[in-house]
1. For ARG8 and GLU122 in the same chain, what is the full-extension length gain: residue separation times 0.36 nm, less their Cα-Cα distance, in nm?
2. Which distance in nm do the two modelled labels at THR169 and ARG139 give, with both placed 7 Å along the Cα-to-Cβ direction?
3. Taking amide H positions as placed 1.01 Å from N in the peptide plane, with prolines and chain starts having none, which residues 5 or more places from ALA136, or on another chain, fall under 5 Å of its amide H?
4. Taking the Cα centre of segment 185-231 as origin, sum charge times position over the Cβ atoms of Lys and Arg (+1) and Asp and Glu (-1), and report the length of that vector in debye to the nearest 20.
5. Over all alpha-carbon pairs of segment 129-250, lay out the pair-distance distribution in 5 Å bins, whole %, shortest bin first.
6. Calculate what fraction, in whole %, of the accessible area of the chain sits on carbon and sulfur atoms when a 1.4 Å probe is rolled over the protein chains.
7. So what are the ³J(HN,Hα) numbers for segment 187-204, from phi and the Karplus equation (6.51, -1.76, 1.60; θ = phi - 60°), rounded to whole Hz, Gly and Pro as x?
8. Output wanted: per-residue J couplings in Hz (rounded whole) for segment 99-115, from phi through Karplus 6.51 cos²θ - 1.76 cosθ + 1.60, θ = phi - 60°, x for Gly and Pro.
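The values are calculated or read from the model by the stated rules, or taken from the named source; none is laboratory data. Please read all numbers here as calculations on a predicted model, not as lab measurements. Counting neighbours? That spans all protein chains shown, and the Cβs are built from the backbone with ideal geometry, glycine included. Side chains are part of the model used for accessible areas, which takes the heavy atoms of the whole protein and leaves out ligands, DNA and RNA. Shrake-Rupley method; radii C 1.70, N 1.55, O 1.52, S 1.80 Å.
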Amino acid sequence: VAWAIIKRENAEELARLAVEDTGLGKYEDKVDKNRRKSLGTLRDLLDPTARSVGVIDVDEEKGITKIAKPVGVVAAVTPSTNPAATPANKTMMALKGRNAIIIAPSPKGASTCKLLLRYIHEELAKVGAPLDLVQALPRVDKELAYELMKQADFVTVTGSANNVRAGQTSGTPNACVGAGNVVSVVDSTAEIEETARKIGTSKTFDYGTSCSNDNSVVIEAPVYEEMVEALKREGGYFCDAEERTLLKEA
């Protein structure tokens with residue numbers, strides 16, 4: 001499944017379609033995200049100590065053996081900001097636990113999800129795995145997605161606050177995202193140049209569409225001027241009062 005999105009031509013085609021159909025993000029960054037995010041997830045899942053099913057822990061002293069089992073069918077709601085990498089990575093995680101997964105894509109991300117599903121099914125067919133292990137809803141429909149959350153055995157939602165709330169209140173066990181886009185706090189112990197570079201890279205990657213992008217910066221007074229200048233050198237722009245008002249209105 002990882003190969004379905006890590007394979008260079010697949011990653012590129014998925015990135016191109018995502019930008020075309022959602023109008024969000026940057027093609028080159030989406031290619032990187034599709035490949036590197038998925039490689040990172042794959043690395044973690046292939047860790048021999050990361051057991052997901054069967055005997056996962058034995059406490060000889062207490063005489064307790066922990067045995068994990070699949071939950072069944074996972075409902076995965078995915079966002080338009082990440083229409084390929086998020087469903088691919090959730091699929092990898094679900095299969096690691098020997099579960100099936102049904103993806104509910106966002107309206108704008110549905111075409112990308114459909115292509116990803118085709119790539120995934122091609123890889124499943126190579127190893128003789130049932131294609132129905134990975135499915136997507138037949139159409140984009142909010143009511144259908146909410147019903148899926150109630151009917152599934154486990155729910156995971158990435159996306160808007162409304163969708164996350166629906167997942168958390170679906171009555172189904174769930175792991176839904178919290179608020180993303182962190183506030184970076186820069187104090188007087190920070191390496192100013194390196195911090196500015198990392199914040200600049202994070203804020204601009206994929207045009208700031210990802211929940212892992214920095215959102216804002218709080219700077220401690222003693223290093224305030226120095227940090228602002230460092231951010232400017234990284235391509236940052238400092239708005240005056242009038243410009244801030246215009247930006248807020250926009």
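1. 39.5 nm
2. 2.6 nm
3. It is ILE103, by chain and number.
4. Values: 3 positive and 10 negative charges, 54 e Å.
Dipole about the Cα centre, nearest 20: 260 debye.
5. 2, 9, 13, 14, 13, 11, 9, 9, 8, 7, 3, 1, 0
6. C and S fraction of accessible area: 53 percent.
7. 10, 6, 8, 6, 7, 4, 4, 5, 4, 4, 4, 5, 5, x, 4, 5, 5, 9
8. Result, rounded to whole Hz: 10, 8, 9, 10, 8, 10, x, 6, x, 6, x, 5, 5, 5, 4, 4, 5.
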